[in-house]
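Notes follow the structure.
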Amino acid sequence: MSVTLTIDGRGVTVRSGTTIWEAARGAGIAIPTLCHDPGLEPVGVCRMCAVEVEGARVMAASCVRLAEPGMVVRTASEKIERCRAMLTELLMSEQPDVSAKERTTADDELHALARRYGVRPRLRRGAARPRDDSSPVIEVDHQACILCDRCIRACNDVQHNDVIGRTGKGYRARIAFDLDQGMGDSTCVSCGECVAACPTGALVNKPISAPLRPRAELAAIDTVCPYCGVGCALTYHVDEAANRVVFAEGRESPGSRGRLCVKGRYGFDYVSHPHRLTRPLIRIDYPKRALSSEVESSRRERRKPGGIVDYDEVMPAFREASWDEALDLVASRLREIRDRSGSGALAGFGSAKCSNEEAYLFQKLVRAVFGTNNVDHCTRLCHASSVAALLQMIGSGAVTTTYGDVENSDVVLITGSNTTSNHPVAATFFKDAARRGTKLIVVDPRHSGIADHAWRFCRIRSGTDVAFYNGLMRVIIEEGLTDADYIAEHTTGFEEIERAVKAYTPERVSGICGVPAALLREVAIAYGEARAAITFWGMGMSQHVHGTDNCRCIISLALMTGNVGRPGTGLHPLRGQNNVQGASDAGLIPMSYPGYQPVTSEAARARFEAAWDAKLDPQTGLTSVEIIEAARDGVVKGMYMLGENPFLSEPNVNEVRKGLAALEFLVVQDIFLTETAEFADVVLPATSALEKTGTYTNTDRRVQIGRPALAPPGEARLDWEIICEISTRMGYPMQYDSASEIFDEVVSLTDSHSGLRHDNLGATGKLYPCPNPEESDGTVVMFGDGFPTGDGRARFVAAEHSGADELPDAEYPFILVTGRVLEHWHTGVMTRRSRALSALVPEAFAEVHPEDCERLALEEDGFVRVRSRRGEVTLRVRKSVDTQPGSVFIPFHFREAAANVLTTDKLDPDGKIPEFKFCAVRLETADL
Amino acid sequence: MLRVPHVTNYLSEHFADDAFGTLAGYERYGGYKAARQAITGMAPSEVVALVKESGLQGRGGAGFLAGLKWSFMPAETDKPKYLVCNADESEPGSFKDRILLERAPHLLLEGILIGAWATGASKTFLYIRGEYAFPAAQLERAIAEAYDKGYLGKRVMRSGFSHDVVLHRGAGAYICGEETGLLESLEGKKGQPRKKPPFPAQYGAFGMPSTVNNVETFCHVPHIVAKGSDWFRAFGTEKSPGTTIFGVSGHAVRLGLYELPLGTPLEEIVYRHAGGVPEGRRVKGVIPGGVSMPILPADQLDVPMANEFLRERKTMLGTGGIMVMDDTTCMVRAACVITYFFRDESCGQCTQCREGTGWLNKIVNRIERGAGVPEDLDVLIDVAGKMEGQTICAFADAAAWPVQGLLRHFRADFEQHVHERKCPFPESFQL
């Protein structure tokens, strides 16, 4: 249906439902506005866009008034322009003398209007309105606020944080945070969406690593956020002379749609931290030992409450060296170990923080030059079990659909995922869906932020996932809610599931999981009856000794209800790192070459031996925890670690310490001197994601280009160049001119990526598979017509409830759950060197239920000693009902109280993932 | 022109009898007969047509034709339809709904019942001003009586028609008297008027088709149904039929409520009914319909109190709240009080209303303090002029009009303040 109207004397035809403002814009008529932002629901409060509609008694706000057939609109009569000038004058008369926005980014929209209308306020300013400096990242000046409500909508409708609202009425109306607290004291999560939306100087960014400067004077670099797997598109505004990012902004993309979280928007300054490594380092302090007190022993009392490594303490163990000297030393030592002890004595850890090109080259180096498949990365610690289950059952380890596809679902199962902290921007889309009435079912032992948006929250006991989902499946089968056609057409082995879940009656499951049987039934029926149900999961599912079984259950659940392969359905393990999908795709795992071609397959091996002109090891390599064990046992003697910090990320740190200390030779390539690097013989200064070109594949399978925003510090070199140098010096020449050339080689060996090139990825990347990248954004929904298994069918695999490896007992009565917080990233190497993020959450804490605190006499902000059979840490107490009684939650980012000192290194038999989400601990009061 | 039948006070005729407020007493005077007549003997469309024919104007201030408003309710809809009774009487100078709520709650309920039948509404939300504690208690009791008697609830008067009335008390914001601000507040949200379109008949309370009527408007309806539109049209003027309850406040001698036909000359109300101003003083100006309405000077009180005549004098009937000011009144100070009210009560959504009400108040305050400059008068006219006709609701207009009225007729007062750099009137009260 279209509508034809007259705007300023011109006939304009638009789709019905178009506002006058949009219709005018389409016709090239710009109607000024302050409260309107095309990305937000229009509210029509600033009245700047009011226009005359013939025959109407009053003027209409064009941003909200819909175009009607035959309407005659005037957008800029003399009367209208006089009214606009008056509005501008009214607003300008209350503005502070200097606009914080004009002073910084110089893009204050009100000031632009004041210039346009030549407004000089005749009115004198009224009583001062307050400023609010309480947020570490955002400066609030109520004096400059024009109550346009853009920040309110950005906070409530885009990010769904519901922090900003209006308080007061009339002339004293103000924006307010929560119950009119300071922004920094409110529940604000510092995503900065409000700042991005604010047209005046009311909400402006505080400087992060360089003074804020006019936008026009800065270079705008379109790239990808370096943090999580959501892979938000962003633009860094760079002061090139100072070599600093001045500020970051979300960039329109089919995935993240311009949204960012606190890490993406305010956490980029780690790259400019003075701790950046700028020259190669060679160890002079032998015998090798840990250097900083926190790394040396977890039992040693801390000297200071938290913080990053003290370079004065560790740097004396190294001397600076030239690149030639360092690279020659690395190549000769690795070659010597290989020649003396065999290829199996070498191993490499790559990184999911590095690009596809770097991941590919690194595994090529390990496989073709080291001669072993002992190559792995932190995927082992996050979704290895998910991938194992997915590969086994549906033949592909990647997501079957995107997080944005949630808009087509009517039921969403989110399980084991603290989405609002770990995938904050993906969470905004889940919250969008919940707002629209989609039923969010959240299953988790911990009440994380996303549970606030749930239709039903099932708070199961830790480690009882298999029982819960078997119970769910039993109800679905009993109620006849399975999709028999789908099962018959696309799957095998359903009888196995039917048999296995029989014993899981809702009542029995209720006893195991602690969830009422009626709730289990209700949730099962909602999922079973859904037209389209989608499942998202995180490490709450995968990081268990039964992690693969957990994932098998939710895959079976989706398959038996036909919830794969259609819009709004699917299986989506939310990937953690910015490039964990890509690193795995590129072969940075011990069992397969790029594109998941098994190393045990003759054909695959032949293909890669030919492509690489090298003899390849037919044995599957060791996984990451196994490599550390092998190092401890003296089997692995030499290691190359690129951007990984296993000392904090692997379980059971005291064992990791032994493993790292036992290595004959360790080369660490990183941007900072990490805890792991304290055990290195050679440390090579690498480049951050902000300093190089490369592609990153997000959780959706979206391959996006990262572009250099800054020059690398000192003599730091591109990671792929360093890999090439080492390879060449080990006798296997690697020669590439650019990352793009490496990408072409990856694509030539990885069928799923065929057709992709750096120059056709576009501004926002492509979802692989994308056979026609010139025309298409790529594939959203996979497996509509079968699975990449031998027979094209998915295979059901049943699982039995088995429980955690180390159950609580009288001596260790608490369950330890580890995880992350919104403001920090993994081992804290980056985020603790970010001024803003470190200010927001400066130190380690243990979240304990208030009832347990009372029983154990633990005080909020007091200290608790947490002890397991493997070690102990002391950290602050944070009381919270989010954690169940009998459990304690500790984020693992903090080196001075490393949660992984406590965790168990017991592995899932299939995914080889450690059980980070469950071990037994005891809590004691402590002084510091 | 003006027609005055024998009995003029059909709304207030029995106010003196306390029993009129009870169901039994109300029925003794023939109460609920009209509702029974409508529900059992008339099609809803007939009721709407009758009210249309009667020419009943809404008594909440805007004077919109009640029957026409009812006819906007969609006939074919699968959604429940609602009536909303606006009892958020907050306009300074207006207190006529209060007496109806206190003395004639069943007259209101009967009017609601007829309106519900006519519009097919399943429920009425009765939104009453928070400060009206006693009226709310009266209504609560009356509603309970009506339910007990089967006049509300399922199968009203044993017909197939069911209707519920829900009493909702406001929390003290003037803007919640604006019909869509009221709806927002009723839904538990901040009382901020909604953008229109959509109008309440399409998207009203809780998103359902709704009609919002003032208390007094409903109270006329049983009389119209019982006695017919010709009877009703026998009161008042041709365009403004019926009576209304005028509330007289300010410097008049006999303050109070007077039910009189629309079109009664203002001077008759002020001098004859309210007794003029005290000995030795003269009327200076009269606000004819609550503070939103522009003031009239003493020499214009011949105007008949009906919109078609008041509009010619650039003012309106509003809620019929007549505020009399004698010659001791400083019109600048009056402007201070009035603009303070609007500055405080604007919801703050629209720029010119939020900022404009603040500025009007600031400027008149400084003129009153003797700190005004000649240019201020032009700024006042400029700001007020640009507040009109551009905002989400009519609040900004209502805030601009009184300032425009005062400047139109009493500019000399303002100029004298500016010229003498002080207020020439004795300090009778503190601002």
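Coordinate-derived values only; no laboratory data. The structure presented is a predicted model; accordingly, all values stated were derived computationally and were not measured. Positions of Cβ are generated from backbone atoms using ideal geometry, with glycine treated the same way; all protein chains shown enter the neighbour counts.
Quick notes on this structure:
- Most to least packed among A:363-371, A:76-84 [average Cβ atoms within 10 Å]: A:363-371, A:76-84
- Listed residue (A:682, A:610, B:334) projecting farthest to the positive dipole end of the protein assembly as shown, Cβ model: B:334
- Each Lys or Arg adds one and each Asp or Glu takes one away; over the other residues whose Cβ falls under 15 Å from the Cβ of residue A:436, this sums to -2.
- Helix A:602-612 and the long axis of chain A differ in direction by around 70°, with both axes built from C-alpha atoms.
- Taking every residue in B:351-364 and counting other chain Cβ atoms within 10 Å of its Cβ, the average works out to 6.
- Antiparallel DSSP beta bridges within chain B, percent to nearest 5: 45
- Dividing the alpha-carbon radius of gyration of the stretch A:759-843 by the rule-of-thumb value 2.2 N^0.38 Å gives 1.93.
- Shielding by partners, peptide B:386-394 (average Cβ within 10 angstrom, other chains): 6
- Among A:778, B:423, A:699 - extreme Cα towards positive end, dipole of the protein assembly as shown, charges at beta-carbon: B:423
- The ranking of B:340, A:469, A:403 from fewest to most other beta carbons within 10 Å of each one's beta carbon is B:340, A:403, A:469.
- Selected from B:336, B:85, B:176 as most flexible by GNM, with chain B as the system and alpha-carbon contacts under 10 Å: B:336
- Charged-residue dipole, Cβ positions (Lys, Arg, Asp, Glu), the stretch B:1-121 about Cα centre, Debye nearest 20: 240
- Long-range amide H partners of residue A:414 with built H, under 5 Å: A:441, A:442, A:443, A:536
- Principal-axis tilt of helix A:739-749 within chain A, Cα atoms, nearest 10 degrees: 60
- Placing one equal scatterer on every Cα of the protein assembly as shown and applying the Debye formula, the log10 ratio I(q)/I(0) at q = 0.07, 0.08 Å⁻¹ is -0.85, -1.01.
- Here the calculated FRET efficiency for residue A:129 and residue A:495, from their Cβ-Cβ distance with R0 = 56 Å, stands at 0.20, rounded to the nearest 0.05.
- When the alpha carbon gyration tensor of the stretch A:386-448 is reduced to an equivalent ellipsoid, the three semi-axes, largest first, read 22, 15, 11 Å.
- Helical runs (DSSP H, four residues minimum) scored at -39500 (n - 2.57) apiece and divided by the length of chain A put the mean residue ellipticity at 222 nm at -7500 deg cm²/dmol.
- Mean per-residue shielding of peptide A:172-179 is 2, counting Cβ atoms of other chains within 10 Å of each Cβ.
- Charge dipole (debye, nearest 20) of the protein assembly as shown; +1 at Cβ of Lys and Arg, -1 at Cβ of Asp and Glu: 2660
- In terms of its C-alpha gyration tensor, the stretch B:18-233 has a rounded overall shape, because the principal axis ratio a/c (a ≥ b ≥ c, square roots of the eigenvalues) stays below 1.5.
- Distances between placed amide hydrogens fall under 5 Å for residue A:244 paired with A:239, all partners being 5 or more residues away or on another chain.
- Toward the positive end of the charge dipole of the stretch A:814-926, with +1 on the Cβ of Lys and Arg and -1 on the Cβ of Asp and Glu, the farthest Cα among A:829, A:897, A:871 is that of A:829.
- 3J(HN,Hα) couplings calculated from phi for the stretch A:359-364 with the Karplus curve 6.51 cos²θ - 1.76 cosθ + 1.60 (θ = phi - 60°) are, in sequence order, 4, 4, 5, 5, 5, 5 Hz; Gly and Pro show x.
- Contour minus Cα-Cα distance for residue A:777 and residue A:485 (0.36 nm per residue): 102.0 nm
- Fewest neighbouring Cβ atoms within 10 Å first, the residues A:628, A:555 line up as A:555, A:628.
- Spatially, the stretch B:61-136 and the stretch A:739-808 are offset by 62 Å when compared through their Cα centroids.
- Cross-link pairs beyond the 24 Å C-alpha cut-off, checked among A:431/B:81; B:96/B:196; A:439/B:196; A:169/B:386: A:431/B:81; B:96/B:196; A:439/B:196
- The angle between the Cα long axis of helix A:653-662 and the main principal axis of chain A comes to about 60°, on a 0 to 90 degree scale.
- Each label point was placed 7 Å from the Cα along the Cα-to-Cβ direction; for residue A:522 and residue A:609 their separation is 6.1 nm.
- With contributions of -39500 (n - 2.57) from each DSSP H run of at least four residues, the per-residue ellipticity at 222 nm computed over chain B stands at -12000 deg cm²/dmol.
- About the centre of its Cα atoms, the stretch A:814-926 shows a dipole size close to 420 debye [charges on the beta carbon of Lys, Arg (+1) and Asp, Glu (-1) only; nearest 20 debye].
- Placing pseudo-labels 7 Å out from each Cα toward the beta carbon at residue A:313 and residue A:15 gives an inter-label distance of 6.0 nm.
- When the square roots of the Cα gyration tensor eigenvalues are ordered a ≥ b ≥ c, the ratio a/c for the stretch A:814-926 is 1.5 or more and a/b does not exceed b/c, which makes its shape oblate.
- Take each peptide in A:811-824, B:129-142, count the other Cβ atoms within 10 Å of every residue, and average; sorted highest first, the result is A:811-824, B:129-142.
- The string of couplings for the stretch A:856-862 from the Karplus curve (6.51, -1.76, 1.60, θ = phi - 60°) is 9, 6, 9, 9, 4, 6, x Hz, one whole number per residue in order, with x for Gly and Pro.
- Inter-site label distance for residue A:601 and residue B:253 at 7 Å from Cα along Cβ, in nm: 10.8
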